[in-house]
1. In segment 12-28, what residues are in a helix (DSSP H, G or I) and within 11 Å of the chain's Cα centre (by Cα)?
2. Take the conditions among the aliphatic types (A, V, I, L, M), open to solvent by 40 Å² or more (accessible area, probe 1.4 Å), at pLDDT below 95 and over 19 Å from residue 26 (Cβ atoms) and apply them to residue 75. Does it pass?
3. Within segment 217-225, does at least one residue satisfy the condition of being of a type in the set (A, V, I, L, M) and farther than 18 Å from residue 176 by Cβ?
4. Mind listing whichever residues of segment 196-252 are in a strand (DSSP E or B), open to solvent by 10 Å² or more (accessible area, probe 1.4 Å) and within 20 Å of residue 167 (Cα to Cα)?
5. For residue 129, all conditions in the list (1) open to solvent by 30 Å² or more (accessible area, probe 1.4 Å); (2) free of Cβ contacts under 8 Å to residues at least 60 places away in the same chain hold save one; what is the number of the exception?
6. Only residues that are surrounded by fewer than 19 Cβ atoms within 10 Å (Cβ to Cβ) and farther than 20 Å from residue 210 by Cβ: list them for segment 34-50, please.
7. Can you tell me which residues in segment 138-178 are outside any helix (DSSP H, G or I), open to solvent by 60 Å² or more (accessible area, probe 1.4 Å), farther than 24 Å from residue 224 by Cα and among the acidic types (Asp, Glu)?
8. Could you list, ordered by first residue, the pairs with Cβ atoms under 9 Å in which the first is in segment 263-280 and under 17 Å from residue 178 (Cα atoms) and in contact (Cβ under 8 Å) with a residue 12 or more places away in the chain and the second is surrounded by 23 or more Cβ atoms within 10 Å (Cβ to Cβ) and among the acidic types (Asp, Glu), at least 6 apart or interchain?
Amino acid sequence: MLAIVDSILFIRGGALGDFIVTLPALRLVREKWPQAHIELLGYPRHAALGVNRYYLNAVRSVDTGPLAGFFIPNAVLDPELVDYFGDFDLVVSYFYDPDQIFFQNLKRCNMPNLITFSPVAGLAPAAKHFCAPLSELGLGTDDYSSRLHLSAEDKAWAVEFLKELDPSRPTVAIHPGSGSEKKNWPIDRWVELCQRRVTAGKENFVVVSGEADDERTQYLLARWPGKSPLVARHLQLPHLAAVLAACRLFVGHDSGVTHLSAAAGCPSIALFGPTDPAMWAPVGSHVRVLERYGDMAAISVDEVCTAMDQTLGALPLHPRSRK
């Protein structure tokens, strides 16, 4: 076990969901060294969920040209990056590095302690995989849920964003897209679901749309019954997380936004088909998975409606819904 650790670097690429399922590992380190400077070499858009929000003190973009040399055997390494890496007491890298080239080049930076991630067969959920390397530091947990620590400003922004919604109705957020078409429930099922629920008039709706979802979102909105819903389009992630935290229910796919919803504490229904929910579904008792083993179309609108009714019926009255 390291006695004194003042500065720690996590190296983490990947998509939004990959970052969120790494939060339990970040939590372990933050709990062990609460006063340490913890920095992320990764994507600033994702890191915004953690910078000055408990987990991280700073972020440096992974999209930097000189870093490419660290993936070349025996390369001449950028001196500024060598000094940068060497300044940390502990570096934890989650880069995919099957040939150990990045690892060997990092070792040349003379950092005191370096831990790299190697997938361990049989570990699920995904967060358990990312916590496993920290066992070298004597750190471990049985809690693999991801949790966000949103700022007061994030929450205030969400209140302003949602202010036009009817406070007597529960607010349901939906995300009809994902980063992969094969993970998506057929868009006409989303249309049918929303037409049923909106016609019933029992809920407010927020439609979440990222850059990869515009086409599906436009298709859905063009068939929306009555007044158009509130659309959370291309929001900053802390703002989107705060909006989801203020909702009574979220429905989505195996996607980063579903992980974001669960990490924000919103009761969430996740529709799964081609991917394994034991590995990739968000962890938590507030998450319900509807799975059809590779065939998303086999999930019926009736089934999703029932899950929504059961989840909403089991929840205490949300502050926004109190008359």
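The values are calculated or read from the model by the stated rules, or taken from the named source; none is laboratory data. Worth saying up front: this structure is predicted, and the values here are computed from it rather than measured. Cβ: placed from backbone, ideal geometry, glycine included. Neighbour counts: every protein chain shown. Surface accessibility is based on the protein's heavy atoms, side chains included, excluding ligands, DNA and RNA. Shrake-Rupley method; radii C 1.70, N 1.55, O 1.52, S 1.80 Å.
1. From segment 12-28, those in a helix (DSSP H, G or I) are 16-20, 23-28; that's our starting set.
Residues satisfying the conditions are 16, 17, 18, 19, 20, 23.
2. On the way: among the aliphatic types (A, V, I, L, M): yes; open to solvent by 40 Å² or more (accessible area, probe 1.4 Å): no; at pLDDT below 95: yes; over 19 Å from residue 26 (Cβ atoms): yes.
So residue 75 fails the test.
3. Filtering segment 217-225 down to residues of a type in the set (A, V, I, L, M) leaves 220-222.
Those still in the list that are farther than 18 Å from residue 176 by Cβ too: none.
No, that holds for no residue.
4. Our first condition is that a residue be in a strand (DSSP E or B); within segment 196-252, this holds for 204-209, 230-233, 249-252.
If we keep only those that are open to solvent by 10 Å² or more (accessible area, probe 1.4 Å) too, we end up with 204-205, 230-231, 233.
204, 205, 230, 231 - these are the residues of segment 196-252 that are in a strand (DSSP E or B), open to solvent by 10 Å² or more (accessible area, probe 1.4 Å) and within 20 Å of residue 167 (Cα to Cα).
5. Failed condition: (1).
6. At the first step, the residues of segment 34-50 found to be surrounded by fewer than 19 Cβ atoms within 10 Å (Cβ to Cβ) are 34-37, 44-45, 48.
Correct list: 34, 35, 36, 37.
7. Correct list: 142 only.
8. Pairs that qualify, where the first residue is under 17 Å from residue 178 (Cα atoms) and in contact (Cβ under 8 Å) with a residue 12 or more places away in the chain and the partner is surrounded by 23 or more Cβ atoms within 10 Å (Cβ to Cβ) and among the acidic types (Asp, Glu), are 270/254; 271/254; 272/254; 273/254; 274/254; 275/254; 277/254; 280/254.
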